[in-house]
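Q: Below is the structure I would like to discuss, written out as structure tokens.
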Amino acid sequence: MSYFGLKVVTSRKFWDAAKMVYPRCGQIASLLSYRFMSQAKEPPLTAERYQVSRLPYSEVSVDDVQYFQKIIPGRVVTEEGELKVHNIDWLRTVRGHSKVLLKPQTTEEVSQILKYCNERGLAVTPQGGNTSLVGGSVPVFDEILISTALMDQVISFDDVSGALVCQAGCVLESLNQYLGERSYTMPLDLGAKGSCHIGGNLATNAGGLRLLRYGSLRGTVLGLEAVLPDGSILNCLNSLRKDNTGYDLKQLFIGSEGTLGIITALSIICPRKPSAVNVALLGCEDFSRVLQVFTLCRDQLGEILSACEFMDSESMRIVQKHLKLINPLPDNAFYVLVETSGSCGKHDEEKLDIFLEKAMDSGFVTSGTVATDQGKIMSLWALRERITEALAHDGYVYKYDLSMPVEKLYALVEEIRTRLGSSAQCVVGYGHLGDGNLHLNITAKSHSDALMSALEPFVYEWTSKHSGSISAEHGLGFKKRDHIYYSKSRGAVHIMQQIKRMLDPKGIMNPYKTIPPTD
């Protein structure tokens, strides 16, 4: 543990304990899925809880199942017990009742499946790692599930340009390990990296922890391959940094949440793996000082700044209470996690030292600690990455993923606390300072219509009023579909509906999600 002139609480006992209680952060979603699915209580059917009417799609027949068994023998799942985990989101808030799960291995198999489903009028739900937080990856009714789990091959990697081409079912953490052996890294990092699929990341335009450094997937994805609802294959799978010929069709599928087709492969530009990484955890007295720390970060750390996250005292309390993680600092109202990464350790440490001294001398921070080796870095990151897991232990979770001007990030959290009072168990605010992304979470003993009415549409109205977006990185899925108008004009939504009708005239792709039906 490095020390840069700040008050720090740490000891060998702390680090020994950290090694015992912290799993790899990328395993969180896998652990949660297993733990939650083993519980007896299931959430109500989505259609019943939200009073949704089934659209007139065909129902799966014995003949349909036999056809699927012919084209992907041994990879058709109809057993109820095995289907259970795929019919429920890992937050256990939505549940469908699909009777068939298909596991293709190739783009051609996906093409045959979608062509048949389109002709038969069978609705489908694409599913990757099933880590969606907005009900986007599970069926609402009995839609056929198409899993990308077996489409997990790296197709090629150019160790000069850093262009990686792979199938959509590759797990994000596995790709990072593959690249790490070649001194490269993925430009995307998520708490659910041990379970999420890269195709699902593209389909939701996932942001993650290092968007500040590497930018969004809309910039790092070079090309993709997708199967359209009628089974035709769209091949835009090039690895060129520049290609200014016609419309950039890949952008239609990034963030489309499986409503326009199924992404089957992609090409993504990957940066070199940094040889020097430092992580600092800092304590602040109020949110104004959090903002001052962020401004100072950008001024002093510049090109080596790779992440700047914040969490409030409730976030820290939750991970300590439910996961027994240890906060190495004295209690603070807020915490800021800063990560630097570069190619020269001495240079980076000198810059970080200057930043920390200025932050301390200016009164922006009250205490802090710095980690430079991988084990301790992971331990500090766990305090931030495992908040979602800790919240799931606290009861039913109402989750909001919002973007807004950074100076407004915490004002909504304070308003919600005042608005809800004792009706909520816990109101938590944390997120990405670097891109103005707030994760607002409210927990209660169980789902409550009264609490939901107090939250919605208030949260969306407040966000819209302050020029924000109701979905920063999680997508709209099922839960937020009808709230899109708080962030997009009716004219913009109308064009989206036209695109949907053009590519998917029968509406078989992930119905009831993302884009509301035409008025």
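The values are calculated or read from the model by the stated rules, or taken from the named source; none is laboratory data. Quick caveat, the model's predicted, so the values are computed rather than measured. Because the Cβ atoms are built from the backbone with ideal geometry, glycine has one as well, and the counts that use them run over all protein chains shown. SASA here: full protein model, heavy atoms, side chains in, ligands and nucleic acids out. Shrake-Rupley method; radii C 1.70, N 1.55, O 1.52, S 1.80 Å.
Q: Look through Ser156, Ser137, Ser98, Ser132 and report the one residue that is open to solvent by less than 10 Å² (accessible area, probe 1.4 Å) and hydroxyl-bearing (Ser, Thr, Tyr).
A: From the options Ser156, Ser137, Ser98, Ser132, the qualifying one is Ser98.
Q: Moving to a separate point now. When region 109-123 is examined, which residues are found to be open to solvent by 30 Å² or more (accessible area, probe 1.4 Å) and touching a residue at least 60 places away in the same chain (Cβ under 8 Å)?
A: Answer for region 109-123, where residues must be open to solvent by 30 Å² or more (accessible area, probe 1.4 Å) and touching a residue at least 60 places away in the same chain (Cβ under 8 Å): Gln112, Lys115, Tyr116, Arg120.
Yes/no matrix, rows are residues, columns are (1) open to solvent by 30 Å² or more (accessible area, probe 1.4 Å); (2) under 23 Å from Val459 (Cα atoms):
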position: Met360; (1), (2): yes, no
position: Ala371; (1), (2): no, no
position: Ile387; (1), (2): no, yes
position: Ala392; (1), (2): no, yes
position: Val406; (1), (2): yes, yes
position: Leu409; (1), (2): no, yes
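Q: Hey, which of the strands (runs of 3 or more DSSP E) in region 186-300, taking only ones fully inside, have at least 2 residues that are open to solvent by less than 10 Å² (accessible area, probe 1.4 Å)?
A: 221-227, 262-269, 276-284
Q: Between residues in region 251-267 that are farther than 15 Å from Met509 by Cα and residues that are surrounded by fewer than 24 Cβ atoms within 10 Å (Cβ to Cβ) and of a type in the set (Ser, Thr, Tyr), which pairs lie under 7 Å by C-beta distance while being six or more apart or on different chains?
A: Qualifying pairs under 7 Å: Ala265/Thr107; Ser267/Ser239.
Q: With (1) under 24 Å from the mean Cα position of the chain (by Cα); (2) touching a residue at least 60 places away in the same chain (Cβ under 8 Å); (3) buried (at least 19 other Cβ atoms within 10 Å of the Cβ); (4) not in a strand (DSSP E or B) as the list, and Pro126 as the residue in question, which single condition is left unmet?
A: (4)
Q: Name every residue in region 246-287 that is among the polar types (S, T, N, Q) and either touching a strand residue (DSSP E or B) at 6+ places or on another chain (Cβ under 6 Å) or more than 30 Å from Asn118 (Cα to Cα) (or both), in order of residue number.
A: Thr259, Thr264, Ser267, Ser275, Asn278
Q: Next up: Considering region 72-87 alone, what residues qualify as being outside any helix (DSSP H, G or I) and open to solvent by less than 60 Å² (accessible area, probe 1.4 Å)?
A: Answer for region 72-87, where residues must be outside any helix (DSSP H, G or I) and open to solvent by less than 60 Å² (accessible area, probe 1.4 Å): Ile72, Arg75, Val76, Val77.
Q: Please go through region 129-161 and give me each residue that is in a loop (DSSP other than H, G, I, E, B) and of a type in the set (A, V, I, L, M), ordered by number.
A: Selection gives Leu133, Val134, Val138, Val140, Ala149, Leu150, Met151, Val160.
Q: If you go through region 258-272 one residue at a time, how many are in contact with a helix residue (DSSP H, G or I) (Cβ under 8 Å, 6 or more places away or on another chain) and within 19 Å of Thr220 (Cβ to Cβ)?
A: 8
Q: Could you please let me know if Ala163 is surrounded by fewer than 22 Cβ atoms within 10 Å (Cβ to Cβ) and either of a type outside the set (Val, Ile, Thr) or out of contact with any Cys (no Cβ under 8 Å at 6 or more places or on another chain) (or both)?
A: Considered against the rule, which asks whether it is surrounded by fewer than 22 Cβ atoms within 10 Å (Cβ to Cβ) and either of a type outside the set (Val, Ile, Thr) or out of contact with any Cys (no Cβ under 8 Å at 6 or more places or on another chain) (or both), Ala163 comes out as yes.
Q: Okay, moving on. Consider Asp449 against the criteria (1) more than 27 Å from His393 (Cα to Cα); (2) open to solvent by 50 Å² or more (accessible area, probe 1.4 Å): it satisfies all of them except one. Which criterion is unmet?
A: (1)
Q: How many residues are open to solvent by 40 Å² or more (accessible area, probe 1.4 Å), of a type outside the set (Ser, Thr, Tyr) and part of a helix (DSSP H, G or I) if we restrict to region 48-71?
A: 7
Q: OK, next. Does region 500-519 contain any residue that is closer than 23 Å to Leu209 by Cα, open to solvent by less than 40 Å² (accessible area, probe 1.4 Å) and either not assigned by TED's automatic domain parsing to the domain that holds Ile88 or not small (Gly, Ala, Ser) (or both)?
A: Looking for residues that are closer than 23 Å to Leu209 by Cα, open to solvent by less than 40 Å² (accessible area, probe 1.4 Å) and either not assigned by TED's automatic domain parsing to the domain that holds Ile88 or not small (Gly, Ala, Ser) (or both), one finds none in region 500-519, hence no.
Q: So, one more: Please indicate, with yes or no, whether at least one residue in region 303-315 is open to solvent by 50 Å² or more (accessible area, probe 1.4 Å) and at pLDDT below 95.
A: Within region 303-315, one or more residues are open to solvent by 50 Å² or more (accessible area, probe 1.4 Å) and at pLDDT below 95.
Q: Consider Ser174 against the criteria (1) surrounded by fewer than 24 Cβ atoms within 10 Å (Cβ to Cβ); (2) under 19 Å from the mean Cα position of the chain (by Cα); (3) under 30 Å from Lys506 (Cβ atoms): it satisfies all of them except one. Which criterion is unmet?
A: (3)
Q: On the given criteria, is Arg92 assigned to a loop (DSSP other than H, G, I, E, B), touching a residue at least 60 places away in the same chain (Cβ under 8 Å) and either more than 24 Å from Ser195 (Cα to Cα) or touching an Asp or Glu at 6+ places or on another chain (Cβ under 8 Å) (or both)?
A: Against the criterion (assigned to a loop (DSSP other than H, G, I, E, B), touching a residue at least 60 places away in the same chain (Cβ under 8 Å) and either more than 24 Å from Ser195 (Cα to Cα) or touching an Asp or Glu at 6+ places or on another chain (Cβ under 8 Å) (or both)), Arg92 does not qualify.
Every residue, every condition in (1) in the same structural domain as Arg49 (by TED's automatic domain parsing); (2) surrounded by fewer than 24 Cβ atoms within 10 Å (Cβ to Cβ); (3) in a loop (DSSP other than H, G, I, E, B); (4) within 20 Å of the chain's Cα centre (by Cα), yes or no:
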site	(1), (2), (3), (4)
Glu414	no, yes, no, no
Leu420	no, yes, no, no
Tyr430	no, no, no, yes
Ser453	no, yes, no, no
Trp462	no, yes, no, no
Ser467	no, yes, yes, no
Phe478	no, no, yes, yes
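Q: In the list Leu391, Leu380, Leu352, which residue meets the criterion of being more than 22 Å from the chain's Cα centre (by Cα) and hydrophobic (A, V, I, L, M, F, W, C)?
A: After ruling out the rest, the residue left standing is Leu352.
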